[in-house]
1. Where the second residue is modelled with pLDDT under 95 and open to solvent by 80 Å² or more (accessible area, probe 1.4 Å) and the first is under 22 Å from Asn68 (Cβ atoms) and lies in the stretch 37-51, which pairs have Cβ atoms under 6 Å and are six or more apart or on separate chains?
2. For the stretch 100-107, check the following and say yes or no: at least one residue is in a strand (DSSP E or B), buried (at least 23 other Cβ atoms within 10 Å of the Cβ) and touching a strand residue (DSSP E or B) at 6+ places or on another chain (Cβ under 6 Å).
3. Just to be sure before I move on: is Gly20 open to solvent by 20 Å² or more (accessible area, probe 1.4 Å), small (Gly, Ala, Ser) and more than 24 Å from Ile216 (Cβ to Cβ) in the structure I sent?
4. Asn118 - would you say it is open to solvent by 40 Å² or more (accessible area, probe 1.4 Å), out of contact with any Lys or Arg (no Cβ under 8 Å at 6 or more places or on another chain), more than 26 Å from Asn167 (Cβ to Cβ) and not hydrophobic (A, V, I, L, M, F, W, C)?
5. Of the residues Phe54, Phe29, Phe38, only one is hydrophobic (A, V, I, L, M, F, W, C) and assigned to a loop (DSSP other than H, G, I, E, B); which?
6. Residues of the stretch 71-91 being closer than 25 Å to Gln6 by Cβ and either touching a residue at least 12 places away in the same chain (Cβ under 8 Å) or under 17 Å from the mean Cα position of the chain (by Cα) (or both), which ones?
7. Taking Ile12 as the residue in question, decide whether it is farther than 26 Å from Phe220 by Cα and among the β-branched types (Val, Ile, Thr).
Amino acid sequence: MTTYQQIKNETINKSYDIDGYYGAQCWDFACYVFEHYFNGTRIYCGVTGYVQDFVTQKNTNGILNFMNEVSLNSELQSGDVCVWGPCATAPYSHVALYDSSNGSNQAYFLGQNQNGANYVTVSQLSTSGIIGVFRAKNMSNGGSHNPNPTTPDQILTVGSKVQFPQNLKVENIDIPNNLIYNSRIGGWVSASICTETSTADGACDQILNIGSDFTIPGTFTVTQINIPSDIVYLQELGFWVKSEPLTEVADGN
């Protein structure tokens, strides 16, 4: 059975443009998930050209062949496909997968082309404006549950899978050596492994300056832990970092 955690682990920080038009849009990511995880097909938006058609044309566009519609009053499960109509959150509509709640009218969603990022992120969005929710039939008995759980508990151990936040700040730069400094990570890192994530320095142009927001995209494996110093060694990067900014996405041993 497909699990939401699998989808999240395998797609976050990646970019999808499956039709080759208009770049990496929310539609591209949703349809990639439909095809690769939900035993479904691409759902085209032939009426308005926007993803609100997922809901307004649900009886004829084929989405109900592999998904069940969920009441807007139901409790959301991780992996539910949420569609916004035109609203303050999404002027031209939007689609994303529900991740988790923060206890208010905001929640976290896994999606593409949200909060200014042209790749897949988990972003906090208002739930106001959602006009439809769908749950994949191959996840209909509990998209938030993994039959072989490796539930992240934010206690890092050897084997933990972790990710960096999207809003790390460049605090200093070493241009000759192509390095940037961030105190949350705990030191200097190569700029070549970093991706700029906002227009904090004036433009999201992948030219990192002091004040730029950035992340180190990908999922990394903890292979060593130094508890007194609160640092961990990440296998794929080959160096130690502070554990504080890291988010565990799959539990270790």
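1. Sorted first by the residue in the stretch 37-51, then by its partner, the list stays empty.
2. As a first pass, look at the stretch 100-107 and keep what is in a strand (DSSP E or B): 100-101, 106-107.
From what's left, buried (at least 23 other Cβ atoms within 10 Å of the Cβ): none.
No, the stretch 100-107 has no match at all.
3. On the way: open to solvent by 20 Å² or more (accessible area, probe 1.4 Å): yes; small (Gly, Ala, Ser): yes; more than 24 Å from Ile216 (Cβ to Cβ): yes.
Spelling it out, Gly20 is indeed open to solvent by 20 Å² or more (accessible area, probe 1.4 Å), small (Gly, Ala, Ser) and more than 24 Å from Ile216 (Cβ to Cβ).
4. Numbers: open to solvent by 40 Å² or more (accessible area, probe 1.4 Å): yes; out of contact with any Lys or Arg (no Cβ under 8 Å at 6 or more places or on another chain): yes; more than 26 Å from Asn167 (Cβ to Cβ): no; not hydrophobic (A, V, I, L, M, F, W, C): yes.
Here the answer is no, as Asn118 does not meet what is asked.
5. One residue alone meets the criteria, Phe38.
6. First pass over the stretch 71-91, keeping only residues closer than 25 Å to Gln6 by Cβ: 74-84.
Within the stretch 71-91, Ser74, Leu76, Gln77, Ser78, Gly79, Asp80, Val81, Cys82, Val83, Trp84 qualify.
7. Details: farther than 26 Å from Phe220 by Cα: no; among the β-branched types (Val, Ile, Thr): yes.
So Ile12 does not fit the description; no.
The values are calculated or read from the model by the stated rules, or taken from the named source; none is laboratory data. The shown structure was predicted, so the numbers you read here are calculated from the model rather than taken from an experiment. Glycine gets a Cβ as well: all are built from the backbone with ideal geometry, and neighbour counts include every protein chain shown. Only protein heavy atoms, including side chains, enter the accessible area calculation; ligands, DNA and RNA are left aside. Shrake-Rupley method; radii C 1.70, N 1.55, O 1.52, S 1.80 Å.
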